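Here's the structure, in structure tokens; my notes come after.
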Amino acid sequence: MRMRLAATALAMLAAGPPAALAQQDPFQNRLGGALPSPSITSPNLPPSLPPAEPEAQLSLSALLSGPGTALRQGLAWRIYEDRGDGTRPSIVARSIEAEPHFTLAPGAYVATVTYGFASASKRIVMGGQPTTDTLRVAAGALKLSGAVGDQKIPPGQVTFSVFVPVGTNSEGRLVRSGIKTAELLRLPEGTYHVVSTYGESNAIQRADLRVENGKVTEATLNHRAATMTLKLVAAPGAEAFAGTAFSVLTPGGDTIREAIGAFPQVTLAEGDYVLIARHDGQVYTREFKVESGLDRDIEVVAKSG
């Protein structure tokens, strides 16, 4: 009997599993239907961004307003970043070339150029492409010199100051002082007040001058003055005493100039003066007159009374 059951079992194994078991899903959910088959999905990637715009070259030049003459020297360029948020713009580039080239990232900028005391500015937007632009500067120039009569004053003896009048004040705002003879002072178009000082005392002349776009205004300011050489001597024509202290006064007693030495020189405007000389505790005086263009020696004789 046992032999017959064993043979039957072997026969069933050889024949394979029953049809119901063979068709059963190995992933079948014992609580219900079949389990879903696993699947692989691609990740959710962000949409691709457009490529960033590259840096590009900005080329600039400057012209004089009016005549349209190209400016080739004396220029100073600055490029400011224009953030548009009201904050103080920062400088991103500089140049002193006549036609500079700047490599800039995309964005808004303000280009400025100064030509002496004149300037111009322009807002420029860079968008990844080379850009060329021109700024127009409204400017002229002053070229000054001094003279006494027909004689030019040597450059080292005269200086000039230039002012912008404000209201009724001709010296309302100082533009620049210490200007030398024949120096080219570049200025915006307008009217300026010029003060010329010959020497270091009271020889001063003034003039109102007009500067026009694209033109150099040349002017000579004529002084009525002379240079006096001061001396304290024991007798007319004698050798001067060293270490003498001199004071030059107006007839009303206002001090114009003080100097120390054997024979100091002072440049004075035309007029009447009083000279006081002090030496070894003694004081000596003399009145004298200055005539325009007549340079001469002024001797004070050291004698009592």
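The convex hull of the Cα atoms of region 235-295, projected and averaged over all directions, covers 4.4 nm².
Rounded to the nearest percent, how much of the accessible area of region 185-280 (1.4 Å probe, protein heavy atoms only) is carbon and sulfur? The nonpolar share, carbon plus sulfur, comes to 46 percent. Distance between the C-alpha centres of region 52-90 and region 175-201: 29 Å, rounded to the whole angstrom.
Under 5 Å between amide hydrogens, built in the peptide plane, is the criterion, and for VAL300 it picks out LYS231, LEU232, VAL233 among residues at least 5 positions away or on other chains. Annotation for VAL92 and ILE276: the two label points, set 7 Å from Cα along the Cα-Cβ direction, are 6.7 nm apart.
The simple spin-label model puts a point 7 Å past each Cα toward its Cβ; for ASN222 and VAL283 those points are separated by 4.1 nm. Ignoring aspartates and glutamates fewer than eight residues from LYS152 along the same chain, the ones with Cα atoms less than 18 angstrom from its Cα are GLU183, GLU200, GLU218, GLU270, GLU291, ASP295. The length gained by stretching the chain between GLN129 and LYS180 to full extension, at 0.36 nm per residue less their Cα-Cα distance, is 13.8 nm. Note on ILE204 and LEU294: the model spin-label points, each 7 Å out from Cα along the C-beta direction, lie 2.6 nm apart. The residues of region 214-264 have, on average, 50 Å² of accessible surface per residue, using a 1.4 Å probe with all protein chains present. Backbone phi angles across region 288-296, fed through the Karplus curve with coefficients 6.51, -1.76 and 1.60 (θ = phi - 60°), yield HN-Hα couplings of 8, 10, 9, 10, 4, x, 9, 7, 7 Hz in residue order; Gly and Pro are listed as x.
The values are calculated or read from the model by the stated rules, or taken from the named source; none is laboratory data. This one's a predicted model, so the numbers in the text were calculated from it and none came from an experiment. Cβ atoms come from the backbone with ideal geometry, glycine included; neighbour counts cover every protein chain shown. Note: areas computed on protein heavy atoms with side chains; ligands, DNA, RNA excluded. Shrake-Rupley method; radii C 1.70, N 1.55, O 1.52, S 1.80 Å.
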